[in-house]
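Working notes, structure below.
All of the numbers you see were taken from the coordinates with simple rules; none came from a lab. Owing to the predicted nature of the structure, the values given are computational and were not obtained by experimental measurement. Cβ placement follows ideal geometry from the backbone for every residue including glycine, while neighbour counts extend to all protein chains displayed.
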Amino acid sequence: MLHRVIYASEAVGPTGASTLSVAQIIGVSERNNRRDHLTSCVMFHQGHILQAIEGSRVDVDRLIRRLITDPRHTGFRILIDTPVHARLLDEPMGLCGDPAALLDRVGLACLSRVTANEAEALLDIRKAA
């Protein structure tokens, strides 16, 4: 059975603020997610992070345990943790381009108070694009 987890957090230091930090995160995450058969998409916006992860329960849980202790972010909160019948995400590690436009489509100025419903709507919009 597949699981989907969507979490939000706040970036610490330069995490997600520079092209170099984003490239480093994407590169390592893509390699690890391929190894663990996970698909994922991450959004960085104004110091906040939103990520959706899909895979087997054991693989998703292993990644979540690593992310919770990752010093590059704080305020980790799981918005959605649910079994799913099929993946919405196709890539081991995708980056949501133009986060401001995606947020605008669901009526959000930033990710600081994103809800589970809004996170799911963002994922649906990204998939439809």
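Here are some notes:
- The label point for Ser18 and the one for Arg31, both projected 7 Å from the Cα toward the Cβ, are 2.0 nm apart.
- Mean residue ellipticity at 222 nm, helices only, the chain: -12000 deg cm²/dmol; runs of at least 4 DSSP H residues each add -39,500 (n - 2.57), and the sum is divided by the number of residues.
- Put a plus charge on the Cβ of each Lys and Arg, a minus charge on the Cβ of each Asp and Glu, and nothing anywhere else: the dipole of the chain about its Cα centre is then about 280 debye.
- Label point 7 Å beyond Cα of Ser112 along Cβ direction - residues of segment 42-76 with amide nitrogen under 14 Å: 45-49
- Relative contact order of segment 3-105: 45 percent, from C-alpha pairs under 8 Å at least 6 residues apart in sequence.
- Measuring how big segment 1-93 is from its alpha-carbon positions, Rg and Dmax come out at 12.5, 37 Å.
- For segment 42-90, the spread of Cα positions along each principal axis, largest first, Å: 32, 21, 17
- Comparing Gly75, Leu88, Cys41 along the charge dipole axis of segment 2-128, the residue lying farthest to the positive side is Gly75, per the Cβ-charge model.
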